[in-house]
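Reviewing the structure listed below.
The values are calculated or read from the model by the stated rules, or taken from the named source; none is laboratory data. Because the structure is a prediction, the values reported are computed rather than measured. A quick note on method: Cβ atoms are made from the backbone with ideal geometry, for glycine too, and the neighbour counts reach across all protein chains shown. Surface accessibility is based on the protein's heavy atoms, side chains included, excluding ligands, DNA and RNA. Shrake-Rupley method; radii C 1.70, N 1.55, O 1.52, S 1.80 Å.
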Amino acid sequence: MSGERRILFLPGDGIGPEIMAQVRRLIDWFDERGYGFVVEEGEVGGTAYERHGTPLPDAVLAKAQEIGTVMFGAVGGPQWDDLPFHLKPEQGLLRLRKELGLFANLRPAMVFDALVDASSLKPDLVRGLDLMIVRELTGGVYFGEPRGIEELPDGEKRAVDTQVYTTPEIRRIARVAFELARGRRNSVTSVEKANVMYSGVLWRRTVQELHDREYPDVELRHMYADNCAMQLVRQPKQFDVIVTDNLFGDLLSDEAAMLTGSLGMLPSASLGEVRADGRRNALYEPVHGSAPDIAGQDRANPLACILSFAMLLRHSFGLSAEADLVEKAVAAVLEAGYRTADIHTPGTTLVGTTEMGSRVLEAMGRLALA
Ligand code: NAD
C-alpha cells in the first residue's frame, strides 16, 4: 500500500524499546485495517554508541532526513555518564533536532478525568484541562551571540547571554500556533516580557501583525510571562494554545506538564519547516527519559509514548479521527482502572507495560466498532 506513511522508529535506550514496542502494536492494528504504515528502525543514543561509536550514526541521520517523520523513545543511562560530551546519548537527540530543523516544540497538557487527583491542583481547576504549549526551540537566549564568561581587568568575571529573535523566526513559530488553534478551540495566547525586553516588544508586534494579516479569525491575546506562570496555576483552563520563546517555553511547559501530575503520561512533538512533499519534518517523543531504574522490568508506563504516536497521526498524517481514537482508548483504559506502577493508586488495577498496551488495543477495537 501507500509508501507515503513512512515512519522512522528510534527506540533508544532504557525503557525506550519497551514503550516503543507498544506503539508498534498500535501500528500493526492500524495496518490490519489498511493504513499502510511503513516502519523502518534505527539505533540512537547509548545503544548506537555501543555498536557504532556514535550516538547518532550518519546512516540514521540520513534516514531521518529522508523520511522526515520520527517516532523516538528515550536515550541515556548511567553507563554512559562518563563519556565525553559529544558522545553522550543525549547528543544523538540534540543533533537530530538540530539537523531536522525542529523549531517548534509542542507540549500538550491534558488531564484525563480518571487521573484528576494526580494533579497538585484542586480537581475542579484541572478537570477537563486541554492546553498546548508551543515553544520556539532553536533560537533565543540559549543560542544568541555573544555568549560566554569573560574575565574583567580587575580579576572579576562577567557572563553574557543574548536573547535574540528575528521577525521570520517569530512569524514561523506564531504560524504553527495559529494553525494549531484553528484545529482546536481557536484561541492563542502569545507570551513574552514586552514590558522590559526589546525582544518581547518585537515578538508582540510581529505576532499581532501576522494575526491581523493572515489569522484574523483566531482569537489572540498577549500576556507577560510572569503573569502566564501565575495564571497557569490559578486558572489553567483559560488557555487553549500558548506560544512563546525558547526560555519562557522551557519553564512554562514544565509548569503546565505538572498540572497533569504524571511524567509517564506526557507526550510531545517537535516540528520543522514544511518539506517538498508537503509534510513537516517532525519528531515525536515522550517527555520523560529512559528511566534506567525500571528498564527491562515491564514496569514502564507506555502511555506518554502512545500519546506521542497519537500526535504523529494528527500532525504528520492528518489522521485526526485516528488520533482521537487512540486518545479515547487511553482515557477508557484509565477510566476502567488500569494503571502502571507510576500512576497506581489504591483501588486501581496494577498492570505492566505490555498489558497496558494490550488494554489500549482492546479499547481501540471496542471504540472503533461503537
Ligand atoms: P527519567 O524521566 O528517565 O526518570 C525520572 C523518574 O521517572 C524515574 O524514577 C523513572 O523511573 C520515572 N519514569 C520516567 N518515565 C517513566 C515511565 N514511562 N513509566 C514509569 N516511570 C517513569 O529522568 P532521569 O532519571 O533524570 O534520567 C534518566 C536518563 O534519561 C538520563 O540518562 C537522562 O539524561 C535521560 N533523559 C533522556 C531524555 C530523552 O531521551 N528525551 C529526557 C530526559 C532524560
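Among LEU129, TYR165, TYR142, pick out the residue whose Cα is farthest towards the positive end of the charge dipole of segment 110-182, where Lys and Arg carry +1 and Asp and Glu carry -1 on C-beta, about the Cα centre. Among LEU129, TYR165, TYR142, the one farthest towards the positive end of the dipole of segment 110-182 is LEU129.
Counting other C-beta atoms within 10 Å, and keeping those with at most 15, which DSSP coil trypsin sites (Lys or Arg not before Pro) do you find in segment 2-57? List each step's numbers first, then the result.
Values: sites: ARG5, ARG6, ARG24, ARG25, ARG33, ARG51; in loops: ARG33.
Those that pass, being in a loop and sparsely packed, are ARG33.
Could you work out the helix-only [θ] at 222 nm for the chain, with each DSSP H run of four or more residues adding -39,500 (n - 2.57) and the total divided by the number of residues, to the nearest 500 deg cm²/dmol? Walk me through the intermediate numbers first.
Numbers: 12 runs with 155 residues, N = 370.
Theoretical 222 nm ellipticity from helices: -13500 deg cm²/dmol.
Taking amide hydrogens as placed 1.01 Å from N in the peptide plane, the amide H of ARG5 sits under 5 Å from those of VAL38, each at least 5 positions away in sequence or on another chain. With K and R counted +1 and D and E -1, the other residues having a Cβ less than 10 Å from that of ILE306 yield a net charge of 0. For segment 176-313, the dipole from Cβ point charges (+1 on Lys and Arg, -1 on Asp and Glu) about the Cα centre works out to 260 debye, to the nearest 20. Do any GluC sites (Glu not before Pro) in segment 1-80 lie in a DSSP loop with no more than 14 other beta carbon atoms within 10 Å, and if so, which? For GluC sites (Glu not before Pro) across segment 1-80 that sit outside H, G, I, E and B with at most 14 neighbouring Cβ atoms in 10 Å, the list reads GLU4.
Just checking the listed ones, GLY357, GLY12, GLY347: in the Gaussian network model of the chain with Cα springs under 10 Å, the one fluctuating most is GLY347. Per the 1.4 Å probe, what fraction of the accessible area of segment 130-259, in percent, lies on carbon and sulfur atoms? About 53 percent, which is the carbon plus sulfur part of the accessible surface.
Considering only protein heavy atoms, what per residue accessible area in square angstrom results for the chain with a 1.4 angstrom probe?
Working: 16240 Å² over 370 residues.
For the chain, the per-residue accessible area is 44 Å².
For the chain, with only Lys/Arg (+1) and Asp/Glu (-1) charged at the beta-carbon, what is the dipole magnitude about the Cα centre, in debye rounded to 20?
Values: 40 positive and 53 negative charges, 190 e Å.
The dipole of the chain has a size of about 920 debye.
When you filter the trypsin sites (Lys or Arg not before Pro) in segment 206-298 for DSSP loop state and at most 11 other Cβ atoms inside 10 Å of their Cβ, nothing is left. Couplings 3J(HN,Hα) of segment 45-62, computed from phi: x, x, 4, 5, 4, 4, 8, 10, x, 8, x, 9, x, 3, 5, 6, 4, 4 Hz, in residue order, whole Hz [Karplus 6.51 cos²θ - 1.76 cosθ + 1.60, θ = phi - 60°; x for Gly and Pro]. Here the chain carries DSSP beta bridges of which approximately 45% are antiparallel, counting only pairs with both residues inside. The residue list HIS344, ALA304, ALA282 was ranked by how far each Cα lies along the charge dipole of segment 275-348 toward its positive end, using unit charges on Cβ atoms, and ALA282 comes out on top.
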